[in-house]
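The values are calculated or read from the model by the stated rules, or taken from the named source; none is laboratory data. Keep in mind that what you see is a predicted model, and the values were worked out from it rather than measured. For neighbour counting, all protein chains shown are included, and Cβ atoms are generated from backbone atoms with ideal geometry for every residue, glycine included.
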Amino acid sequence: MTLSITNREFRQLADYIKAHCGIHLKDEKKILLASRLETVLLQHRLDSFTDYFYYLKADRTGEALSMLVERITTNHTYFMREPEHFHYLEQHVLPQLCGSIPDRDLRIWSAGCSSGEEPYTLAMILDRYFKSMLMMQKWDRKVLATDLSPAVLAKAAKGVYSPQAVQALPQTWQSAYFSRTTDGKCQVVDSLKREVIFRKFNLMEESFPFRKKFHVVFCRNVMIYFDADTKLRLLRRFLDITEPGGYLFMSHTESLDSRLTGYRYVRPAVYQKE
């Protein structure tokens, strides 16, 4: 049976979540929030959501916040999700960028990478592209993959997936980039793992601590959790850390107003910095 949550308790938690994660919870999410967090309260022997709120505020390790995020978000992703993005990256974006980056340092960021399917897909595409162009030894092309949840980052770093999870990939990709474990799972090969850097990062940080700007940013199915103001602030931060001419890929369920952000519309869910 779900623990009851008062309107005041919901508002306290909703404001805390928005301030620390950017996630906007509407009033109709009150019962859902209570049901998602009930086991957390029981595990920590907390009697009310007020007690849980003060537990969150007192925690200095970040673990309580990470657990909260894992409970209220859906880490549903898969290989080659919205495949037209990856086709466009390989066929149009990479040829353009590789003709315009003088130091051959291609920087791609998978923001909100979840369990790793997106950044590994990006790494496969980069590997294929640079091999086909015979440029393997001449470019730095690692993918930065970040998420707020240590649990999904740990899973992503292991790179172990079910056979069903990799079925969306061409058979040649499966053979080239995965090996079979003793229990029949699919393990990302070490050479591809080395092309992805996983880091914990909160998109709500006051500043982005990156030394260099990115040429491509993938942030898909993340901003669906944000309200309009939070989304706009994040988009402007993305613009600041994107190289001129660089690209932002969003989910097809998301959109932006080019007049407010400084991005130019390229095609559905793909935008370019002027």
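Structure above, values below:
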item: Subset of segment 80-108 [part of a loop (DSSP other than H, G, I, E, B) and polar (S, T, N, Q)]; result: Ser100
item: Candidate set: segment 15-69, residues that are outside any helix (DSSP H, G or I) and among the aliphatic types (A, V, I, L, M); chosen: the one farthest from Met204 (Cα to Cα); result: Leu46
item: Test: residue in segment 240-249 that is part of a loop (DSSP other than H, G, I, E, B), over 18 Å from Glu117 (Cβ atoms) and among the acidic types (Asp, Glu); result: no
item: Pick from segment 76-109, criterion closer than 30 Å to His24 by Cα and among the hydroxyl-bearing types (Ser, Thr, Tyr), ranking: surrounded by the fewest Cβ atoms within 10 Å (Cβ to Cβ); result: Tyr78
item: Hits in segment 14-28 - residues which are exposed (fewer than 15 other Cβ atoms within 10 Å of the Cβ) and in contact with a helix residue (DSSP H, G or I) (Cβ under 8 Å, 6 or more places away or on another chain); result: Asp27
item: Among the residues listed as Ala64, Ala123, Ala151, Ala111, the single one being under 25 Å from Pro209 (Cα atoms), small (Gly, Ala, Ser) and in contact with a Cys (Cβ under 7 Å, 6 or more places away or on another chain); result: Ala111
item: Residue that is closer than 30 Å to Tyr263 by Cβ, in the same structural domain as Leu97 (by TED's automatic domain parsing), in contact with a strand residue (DSSP E or B) (Cβ under 7 Å, 6 or more places away or on another chain) and among the aliphatic types (A, V, I, L, M), where the choices are Val216, Val166; result: Val216
item: Subset of segment 102-121 [over 17 Å from Arg199 (Cβ atoms) and hydrophobic (A, V, I, L, M, F, W, C)]; result: Leu106
item: Those residues of segment 122-159 which are assigned to a loop (DSSP other than H, G, I, E, B), surrounded by 19 or more Cβ atoms within 10 Å (Cβ to Cβ) and at pLDDT 90 or above, in sequence order; result: Arg141, Gly159
item: Qualifying positions in segment 119-157 - under 18 Å from Thr242 (Cβ atoms) and either outside the structural domain of Phe208 (by TED's automatic domain parsing) or among the acidic types (Asp, Glu) (or both); result: Asp140
item: Residue satisfying all of: in segment 174-201; out of contact with any strand residue (DSSP E or B) (no Cβ under 7 Å at 6 or more places or on another chain) and assigned to a loop (DSSP other than H, G, I, E, B); nearest to Tyr161 (Cα to Cα) among these; result: Gly184
item: Identity of the residue in segment 40-75, without any contact (Cβ under 8 Å) to a residue 24 or more places away in the chain and within 20 Å of Asn7 (Cα to Cα), that ends up surrounded by the most Cβ atoms within 10 Å (Cβ to Cβ); result: Leu46
item: Residue match in segment 254-269 (condition: part of a strand (DSSP E or B) and within 15 Å of the chain's Cα centre (by Cα)); result: no
